[in-house]
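S.K.: Quick one: structure below, then a few questions.
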Amino acid sequence: MLTELTDRQRQTYDAIREHLAHHGVTPKLAELGQALGIQSRGVVHRHVRALVDAGLVEVEPGRHRGIRLAGVVPMPGVMELPLLGRIVAGQPLEAIPDEATIDLGQFFMGPGRFVLRVQGDSMIEAGILDGDMVVVKQVEHAANGEIVVALIDGEEATLKRLRNNRDGSVTLQPANRALAPMIYPASRVQIQGVVVAQLRSYR
């Protein structure tokens, strides 16, 4: 089927596959247009329609990310929830229903990401409680102030806020005033990732 496509249609198909591989979800039409350098939503839709006719993709009407590669089962856990409006935690505000959805894949999925369950109370003042789960993006370097997974002496991993000191040492700062900062030579600390999201279940 690919041999029957025009160059632009083949580029569209490749862009869908690449977005899925890198982000864990298929692109919206606007994202697909940006990847292809096409401003017209109608032109992008026409290319997608050609892929549907060729049996390479399927489109689910009414979904933000309704494009799906034919024969590919959506990844478990990648889903959307309805966004029904805003609510404040102060004075009551009327919640106004909306038709939008929130793509959970954008929050939690992505290359090099993994989940850790938190044990202990060293980060409670950052809102991270014992039993919470944090989504971590695997990196080797982090900026000051980021919450990191740090491996100490290649053995013990800990979740702390990072501070690189001028003398070459590293401070792993707990978010709990009852606990003291942990200060090590930079050679003893290996950054394994930064926290990018947090999950907590109330039931």
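S.K.: If only one of Gly131, Gly127 is at pLDDT 90 or above, farther than 17 Å from Phe114 by Cβ and out of contact with any Gly (no Cβ under 6 Å at 6 or more places or on another chain), which one is it?
M.R.: Selected residue: Gly127, the only one of Gly131, Gly127 that is at pLDDT 90 or above, farther than 17 Å from Phe114 by Cβ and out of contact with any Gly (no Cβ under 6 Å at 6 or more places or on another chain).
S.K.: Sticking with this one: Give me a count of the residues in the stretch 20-51 that are in contact (Cβ under 8 Å) with a residue 40 or more places away in the chain and of a type in the set (Ser, Thr, Tyr).
M.R.: 1
S.K.: Taking the stretch 172-194 as the search range and keeping residues that are closer than 14 Å to His141 by Cα and of a type in the set (S, T, N, Q), which one is surrounded by the fewest Cβ atoms within 10 Å (Cβ to Cβ)?
M.R.: Of everything passing the filter in the stretch 172-194, Ser187 is surrounded by the fewest Cβ atoms within 10 Å (Cβ to Cβ).
S.K.: Right, here's the next one. If you go through the stretch 133-151 one residue at a time, do you hit one that is outside any loop (DSSP other than H, G, I, E, B), more than 19 Å from Phe108 (Cα to Cα), of a type in the set (A, V, I, L, M) and not assigned by TED's automatic domain parsing to the domain that holds His22?
M.R.: Just the residues of the stretch 133-151 that are outside any loop (DSSP other than H, G, I, E, B), to begin with: 133-137, 147-151.
Still in the running and more than 19 Å from Phe108 (Cα to Cα): 150-151.
Applying the additional criterion that residues be of a type in the set (A, V, I, L, M) yields 150-151.
Subsequent filtering for residues that are not assigned by TED's automatic domain parsing to the domain that holds His22 retains 150-151.
Among the residues of the stretch 133-151, at least one is outside any loop (DSSP other than H, G, I, E, B), more than 19 Å from Phe108 (Cα to Cα), of a type in the set (A, V, I, L, M) and not assigned by TED's automatic domain parsing to the domain that holds His22, which makes the answer yes.
S.K.: Right, something else. Quick test for you: out of Arg203, Arg161, pick the one residue that is closer than 22 Å to Phe108 by Cβ and outside any strand (DSSP E or B).
M.R.: Result: Arg203 is the single residue among Arg203, Arg161 that is closer than 22 Å to Phe108 by Cβ and outside any strand (DSSP E or B).
S.K.: Turning to a different aspect of this structure: When you look at Ala197, is it surrounded by 15 or more Cβ atoms within 10 Å (Cβ to Cβ), outside any loop (DSSP other than H, G, I, E, B), over 18 Å from the mean Cα position of the chain (by Cα) and hydrophobic (A, V, I, L, M, F, W, C), yes or no? Please lay out each step first, then the result.
M.R.: On the way: surrounded by 15 or more Cβ atoms within 10 Å (Cβ to Cβ): yes; outside any loop (DSSP other than H, G, I, E, B): yes; over 18 Å from the mean Cα position of the chain (by Cα): no; hydrophobic (A, V, I, L, M, F, W, C): yes.
Taking the combined requirement at face value, the residue does not satisfy it.
The values are calculated or read from the model by the stated rules, or taken from the named source; none is laboratory data. This one's a predicted model, so the numbers in the text were calculated from it and none came from an experiment. Quick reminder, even Gly has a Cβ in these numbers, built from the backbone with ideal geometry, and neighbours come from all protein chains shown.
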